Amino acid sequence: MSGAPARTLLLWCPDWPVLAAEIVDGVPATDPVAVLHANRVVACSERARAEGVRRGLRRREAQGRCPQLTVVDHDPARDARAFEPVVAAVEEVVAGVEVIRPGACALAARGPSRYLGGEEAAAERIVEHVAQTCAVESQVGIADGVFAAGLAARDGRIVAPGGTPEFLAGLPVEALGRPTLTDLLRRLGVRTLGDFAALPAGDVLARFGFDGALAHRLAAGRDHRPLAVRQPPADLTVTADHDEPIDRVDAAAFAARTLAEQLHERLAAHGLACTRLGIEAVTAHGQELHRVWRHDGLLTAAAIADRVRWQLDGWLSGSNGRGGARPARPTAGIIRLRLVPDGVLAQAGLQPGLWGETGEERERAHRALSRVQGILGPEAVVTAVLGGGRSPADQVRLVPWGDERLPARPGPPTLPTAGPPSAAAAPERAVSTRSRAAVPVPPWPGRIPPPAPAVVLPTPLPAAVHDAAGEPVVVSARLAVSAAPARLTVGAGRPAEITGWVGPWPVDERWWAPAEARRRARFQVCLADGAALLLAVEGGQWLVEAIYD
């Protein structure tokens with residue numbers, strides 16, 4: 001992660017899913033069109049935006065704003081297949097193109113700027129060639145790093161060398177593309193990327209976790225993954241030769257799945273993960289095809305297979321681009337397919353299962369635990385299942401080994417948002433909550449953000465919290481804290497200094513049943529000895545509920 005980000009040129013095609021629907025399915029992009037995934041708008045045409053349609057809207061609300069709206073299902077394969085002519089057109093002008101996602105591709109800006117007469121001339125040449133060849137409107141952004149270049153492409157802007165931090169500083173935190181982190185930063189008073197970049201890196205890592213630290217580097221203009229990563233060892237490449245040439249997309253998809261699993265297993269054996277994938281194919285007539293796919297994260301076996309399938313579909317189908325542009329279709333079927341992991345990183349953050357991946361070791365563990373159950377009973381061997389709930393104790397359900405692992409309460413997937421507070425963390429005020437039904441619907445307002453504490457006490461320990469003046473800290477009915485917590489005493493133990501705290505997260509449950517009503521507010525605190533605790537106050541009594549590792 002060291003070194004300055006390389007100058008990057010990124011070409012972006014606005015509303016690409018809409019254009020892909022026009023190219024492949026003939027849906028006019030000039031009409032009000034919306035592309036939906038999971039019943040929400042992921043892209044819409046310019047005319048639909050004029051009627052008030054926006055990304056993130058539910059289908060019913062989008063149709064309410066625009067009754068003439070044409071709805072199209074999201075299809076990543078269609079988007080990738082339609083984008084192939086655009087990438088091919090860019091490669092006719094410059095070399096070393098990397099596909100970030102359908103609708104966006106990037107390359108190092110140094111080479112094109114030198115032989116095309118400068119960065120501005122290179123950008124104009126690429127945009128003009130794509131428009132003439134594919135009849136597709138595009139915009140180019142140039143900045144230091146892929147992230148900043150992608151934001152600059154939204155305005156068709158060229159950021160001066162060294163000016164990327166200043167360019168990013170004025171943008172809102174929503175530009176990070178992380179809704180959960182963005183919502184938390186907004187509630188903490190962090191409005192712009194400049195405000196976020198000004199926070200100490202150590203405190204950001206402690207408060208928001210690894211994903212927050214990566215976002216912090218992006219906000220400061222330090223791209224966490226440069227465009228040119230180190231070359232992996234040659235033995236990581238996987239190759240498949242086929243006696244019968246592959247000329248059908250379904251046969252190519254099957255071959256892609258097998259080869260992707262081989263590559264993933266080989267990378268895992270070396271403790272590596274792929275972030276940039278080279279796909280190479282050789283036809284029966286000796287024609288060589290090559291494309292590089294880039295991924296904002298670590299490519300899993302399924303993700304590798306999807307990209308290979310999309311690319312082979314783009315090559316073999318030879319679908320027309322907008323305006324009749326057609327990439328060079330192979331003159332014969334594919335007889336050799338090769339996957340080259342151009343970008344690899346240490347497999348940090350990817351943890352295998354307790355007994356490794358599926359295989360002999362996992363089967364041995366299953367047989368051993370089943371035998372223990374036969375001796376001691378089904379309830380003697382249990383595993384924890386995380387589900388919905390507001391407290392750590394509510395989110396865990398113990399399920400006998402072999403039973404269906406279903407959570408007791410519905411809940412959202414765990415996201416890396418926030419953990420124990422650091423000494424510099426500012427107090428956060430959560431929104432007051434009320435349960436509206438016997439089984440609340442996610443996302444469980446008042447829920448403690450992840451990561452979960454390491455130890456949840458079966459019986460909370462009584463405690464006392466005092467401020468700097470020695471007065472007890474109390475929380476009013478309106479969630480106002482009387483003073484900043486300064487010292488914590490657990491049971492009859494010695495007082496410990498509180499160096500950081502955050503909260504409260506309020507819970508007001510079953511308020512309609514007085515006998516079952518419960519009001520509680522939770523806090524996360526850090527102590528001078530490095531310990532982190534989850535505290536709760538209920539009826540004026542402080543309790544220690546859990547301990548963070």
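Okay, here's what the table says:
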| read-out | value |
| --- | --- |
| Only listed residue being over 35 Å from the mean Cα position of the chain (by Cα), surrounded by fewer than 19 Cβ atoms within 10 Å (Cβ to Cβ), modelled with pLDDT of 75 or more and part of a strand (DSSP E or B), chosen from 461, 488 | 461 |
| Residue under evaluation residue 122, criteria (1) buried (at least 23 other Cβ atoms within 10 Å of the Cβ); (2) aliphatic (A, V, I, L, M); (3) at pLDDT below 90, criterion not met | (3) |
| Enumeration of residues in the range 154-168 that are open to solvent by less than 40 Å² (accessible area, probe 1.4 Å) and part of a helix (DSSP H, G or I) | 164, 167, 168 |
| The range 491-513 - residue that is in a strand (DSSP E or B) and of a type in the set (Gly, Ala, Ser) and, of those, farthest from residue 534 (Cα to Cα) | 496 |
| Hits in the range 239-287 - residues which are surrounded by fewer than 17 Cβ atoms within 10 Å (Cβ to Cβ), assigned to a strand (DSSP E or B) and among the polar types (S, T, N, Q) | 239 |
| Failed criterion for residue 313 (all others in (1) outside any strand (DSSP E or B); (2) surrounded by 22 or more Cβ atoms within 10 Å (Cβ to Cβ); (3) modelled with pLDDT of 80 or more hold) | (2) |
| Test for residue 511: is it at pLDDT below 85, open to solvent by 70 Å² or more (accessible area, probe 1.4 Å) and of a type in the set (Phe, Trp, Tyr) | yes |
| The listed residue being farther than 26 Å from residue 206 by Cβ, surrounded by fewer than 14 Cβ atoms within 10 Å (Cβ to Cβ) and of a type in the set (D, E, K, R), out of 516, 497 | 516 |
| Test: residue in the range 501-509 that is touching a residue at least 12 places away in the same chain (Cβ under 8 Å) and charged (D, E, K, R) | yes |
| Members of the range 184-196 that are among the hydrophobic types (A, V, I, L, M, F, W, C) and open to solvent by less than 30 Å² (accessible area, probe 1.4 Å) | 184, 185, 190, 193, 196 |
| Test: residue in the range 65-72 that is closer than 27 Å to residue 42 by Cα and within 28 Å of the chain's Cα centre (by Cα) | yes |
| Which numbered condition residue 502 fails, given (1) out of contact with any helix residue (DSSP H, G or I) (no Cβ under 7 Å at 6 or more places or on another chain); (2) open to solvent by 30 Å² or more (accessible area, probe 1.4 Å); (3) at pLDDT below 85 | (2) |
| Residue list for the range 514-549, restricted to those being more than 23 Å from residue 474 (Cβ to Cβ), in a strand (DSSP E or B) and of a type outside the set (Ser, Thr, Tyr) | 547 |
| Qualifying position, being out of contact with any Ser or Thr (no Cβ under 6 Å at 6 or more places or on another chain), crowded, with 23+ Cβ neighbours inside 10 Å, of a type in the set (D, E, K, R) and at pLDDT below 90, among 98, 92 | 98 |
| Selection count, the range 464-485, where residues are surrounded by 14 or more Cβ atoms within 10 Å (Cβ to Cβ), modelled with pLDDT of 80 or more and part of a loop (DSSP other than H, G, I, E, B) | 5 |
| Which numbered condition residue 57 misses (of (1) free of Cβ contacts under 8 Å to residues at least 24 places away in the same chain; (2) open to solvent by 40 Å² or more (accessible area, probe 1.4 Å)) | (2) |
| The range 200-217 - residue that is open to solvent by 30 Å² or more (accessible area, probe 1.4 Å) and free of Cβ contacts under 8 Å to residues at least 24 places away in the same chain and, of those, nearest to the chain's Cα centre (by Cα) | 205 |
| First in the range 380-394 and exposed (fewer than 14 other Cβ atoms within 10 Å of the Cβ), second anywhere and in a helix (DSSP H, G or I), Cβ under 8 Å, 6 or more apart | 380/372; 380/373 |
| Failed criterion for residue 489 (all others in (1) farther than 27 Å from residue 189 by Cβ; (2) of a type in the set (Ser, Thr, Tyr); (3) in contact with a Cys (Cβ under 6 Å, 6 or more places away or on another chain) hold) | (3) |
| Verdict on residue 93 being in contact with a Lys or Arg (Cβ under 7 Å, 6 or more places away or on another chain) and closer than 30 Å to residue 114 by Cα | yes |
| Some residue of the range 222-236 being open to solvent by 20 Å² or more (accessible area, probe 1.4 Å), at pLDDT 85 or above and either of a type outside the set (Val, Ile, Thr) or at negative phi (or both) | no |
| Residue that is surrounded by the most Cβ atoms within 10 Å (Cβ to Cβ), among those in the range 125-153 that are in a loop (DSSP other than H, G, I, E, B) and not acidic (Asp, Glu) | 145 |
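Okay, residues lined up against (1) out of contact with any Pro (no Cβ under 8 Å at 6 or more places or on another chain); (2) in contact (Cβ under 8 Å) with a residue 12 or more places away in the chain; (3) small (Gly, Ala, Ser):
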residue: 112; (1), (2), (3): yes, yes, no
residue: 133; (1), (2), (3): no, yes, no
residue: 152; (1), (2), (3): yes, yes, yes
residue: 161; (1), (2), (3): yes, yes, no
residue: 169; (1), (2), (3): yes, yes, yes
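The values are calculated or read from the model by the stated rules, or taken from the named source; none is laboratory data. All figures in this text were calculated on a predicted structure; none of them were measured in a lab. All Cβ positions, even for glycine, are placed from backbone atoms using ideal geometry, and neighbour counts span all protein chains on display. The protein model used for the area step is the full one, side chains on, heavy atoms only, and it has no ligands, DNA or RNA in it. Shrake-Rupley method; radii C 1.70, N 1.55, O 1.52, S 1.80 Å.
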